[in-house]
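Okay, structure first, notes after.
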Amino acid sequence: MPHPTDELFRTVVGLLPVGALVIDHGGRVVLANPEAERLFGGESRQLAGAVLDEFVALTDRGRLSGRLDEAHTERDIDAVGRDGAWIRVDIRVVPFEAGGEQLALLVVFDASERRKLQDERRHFQKLEAIGTLAQGVAHDFNNILRAIVGYVELARESVRDTQALEDLTRVRQAADRGQRLVERILAFS
């Protein structure tokens, strides 16, 4: 494997569309590509020589330290950019040896977009569940209102008292308003 100081290696790492950091066995950045610079908010001369722990949140440092010689994927690592802003990244560690030196290529993916899409999906699932619940409640409520309307109409046929007929008319009007409300709930859901 070529050494990170080799021009071809530097060019290839620089062309990667994802963040890439070459780390030595001590966790120090040997090489950083432009996407890593963008993710971590620094320039390559600032990233080069920095220690990996400067970019990884305290809670996630143990998940990476001492494991740079094993190929593994870590998901949703909290990282800190040079400007101090928190970012979520997925990191793929690819260990290699160059010039007798143990190194690791860290391929870094910005996980914030994926996370944002997952959050939106959960939000829409919640809205869908609310809509399904509203639809079920509306149908049940509509059935109750139909029964009320039916009994009001039966009562109106047998009642002769003027006041009682007015009261039944008000009950029917309230039931009609309830049915219009159910129609709006069903249209919403």
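The values are calculated or read from the model by the stated rules, or taken from the named source; none is laboratory data. This structure is a prediction, so every number in the text was calculated from the model and none was measured. Here the Cβ is made from the backbone with ideal geometry for all residues, glycine too, and neighbour counts use every protein chain on show. Note: accessible area is taken over every heavy atom of the protein model, side chains too, but ligands, DNA and RNA are not part of it. Shrake-Rupley method; radii C 1.70, N 1.55, O 1.52, S 1.80 Å.
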Problem set entry | Over the chain: helical MRE at 222 nm, DSSP H runs n ≥ 4 each giving -39500 (n - 2.57), nearest 500 | -18000 deg cm²/dmol
For this session: Could you check how much of the accessible area of the chain is carbon and sulfur, as a whole percent, using a 1.4 Å probe?
Result: 55 percent
Exercise. Span-like helices, the chain: DSSP H, alpha-carbon axial extent 30 Å or more, mean Kyte-Doolittle -1.0 or greater, which ones?
Worked result: 112-158, 162-188
Exercise. To the nearest 0.05, what FRET efficiency results for Arg170 and Asn143 with a Förster distance of 22 Å applied to their C-beta separation?
Worked result: 0.55
For this session: Note down the relative contact order for the chain as a percent, whole number, built from C-alpha pairs under 8 angstrom at least six residues apart.
Result: 16 percent
Exercise. Once a ≥ b ≥ c are taken as the square roots of the eigenvalues of the Cα gyration tensor of segment 88-167, is the result rounded (a/c under 1.5), prolate (a/b larger than b/c) or oblate (a/b not larger than b/c)?
Worked result: prolate
Exercise. Which stretch or stretches of segment 83-97 have amide N atoms under 15 Å from the point lying 7 Å from Lys116's Cα along the Cα→Cβ direction?
Worked result: 86-89
Exercise. Considering every Cα-Cα pair within the chain, what fraction, in whole percent, is farther apart than 20 Å?
Worked result: 66 percent
For this session: Could you give the size of the charge dipole of the chain about its Cα centre, using +1 on the Cβ of each K and R and -1 on the Cβ of each D and E, expressed in debye and rounded to the nearest 20?
Result: 880 debye
